[in-house]
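Data block below; observations after.
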Amino acid sequence: MDIAKTERLRLRLIGEDDAEFFLRVMNDPDFVAYVGDRGLRTRADALRALRDGPLAMQAERGHSLYLVERLEDGAPLGFSGLIKRETLEDVDIGYAFLPDYRGHGYALEAARAVVGQARSLGIPRLAAITAPDNAASIALLLKLGMRFERSKVLAPETSPVNLYLLELAA
């Protein structure tokens, strides 16, 4: 099911058929460095994570991470979407793209579509978290109009992350 289309991209619901791609993104060295090692090593691990994560969240909340595909050829590029974490008050925007697709504006284009989706769902405020040294992610959040709120520790024994907010309600 399509969630949004942009000039170059299609955002659609993730399905179990996307497990191999999900596994690649979750094990990308930059994902592991900036987001964390999710311990997904096999297709079965990826299927379990999809079922317990994006698929369950979509069924429960009506939003989740979406697969981002290039319209031109259907190539899967990464993920972007809306996540509700127990550790944050607000729904947050998340994104992760494979290295070959970074630096082409795809993440920003997809993130803008996700902000539009959040507005259409009536989400009043959108959060984002990123590692303090992730310059590319910080630049993207600022281009979206998000503002730095504060440093936040999400769980004991973890490093602080930067928390950004964007008011969506008029």
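Rule-based calculations on the coordinates, nothing more; no lab input. Computed from a prediction, not measured in an experiment: that's the story for all the values here. Heads up, the Cβs are rebuilt from the backbone with ideal geometry, glycines too, and the neighbour counts pull from every protein chain shown.
Take each of the peptides 133-140, 113-120, average the number of other beta-carbon atoms within 10 Å over its residues, and list them starting from the highest. Kindly include the intermediate steps, with their values, before the conclusion.
Numbers: 133-140: 15.4, 113-120: 18.0.
Peptide ranking by packing, descending: 113-120, 133-140.
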### Message
If I take every Cα pair under 8 Å that is 6 or more residues apart in the stretch 2-167, average their sequence separation and divide by the length, what percent do I get for the relative contact order?
### Response
18
### Message
Can you compute the label reach from Leu88? Point 7 Å from Cα along the Cβ direction, backbone N cut-off under 13 Å, restricted to the stretch 46-73.
### Response
64-65
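Where nothing but the Cβ of Lys and Arg (+1) and of Asp and Glu (-1) is charged, how large is the charge dipole of the chain around its Cα centre, in debye to the nearest 20?
Taking the Cα centre of the chain as origin, the dipole is about 340 debye.
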### Theoretical ellipticity at 222 nm over the chain - DSSP helices of four or more residues, -39500 (n - 2.57) apiece, nearest 500
-8500 deg cm²/dmol
### Task
Could you point to the residue in Leu126, Ala19, Tyr106 farthest towards the positive end of the chain's charge dipole, with +1 and -1 charges on the Cβ of Lys/Arg and Asp/Glu respectively?
Leu126
### Message
Just to be sure I understand, if you calculate semi-axes √(5λ) of the Cα gyration tensor in Å for this structure, which of (i) 24, 18, 17; (ii) 22, 19, 17; (iii) 30, 18, 16 do you get?
### Response
(ii)
### Query
For the residue pair Glu16 and Glu167, what label-to-label distance in nm results when each label sits 7 Å from Cα along the Cα-to-beta-carbon direction?
4.5
### Query
By DSSP, what percent of the beta bridges with both residues in the chain are antiparallel, rounded to the nearest 5?
95
### Query
Of the residues Ala107, Ala96, Ala44, which exhibits the maximal mean-square fluctuation in a Gaussian network model of the chain defined by a 10 Å Cα contact cut-off?
Ala44
### Query
Fully extended, how many nm does the chain gain between Thr6 and Arg119 (0.36 nm per residue separation, minus their Cα-Cα distance)?
39.1 nm
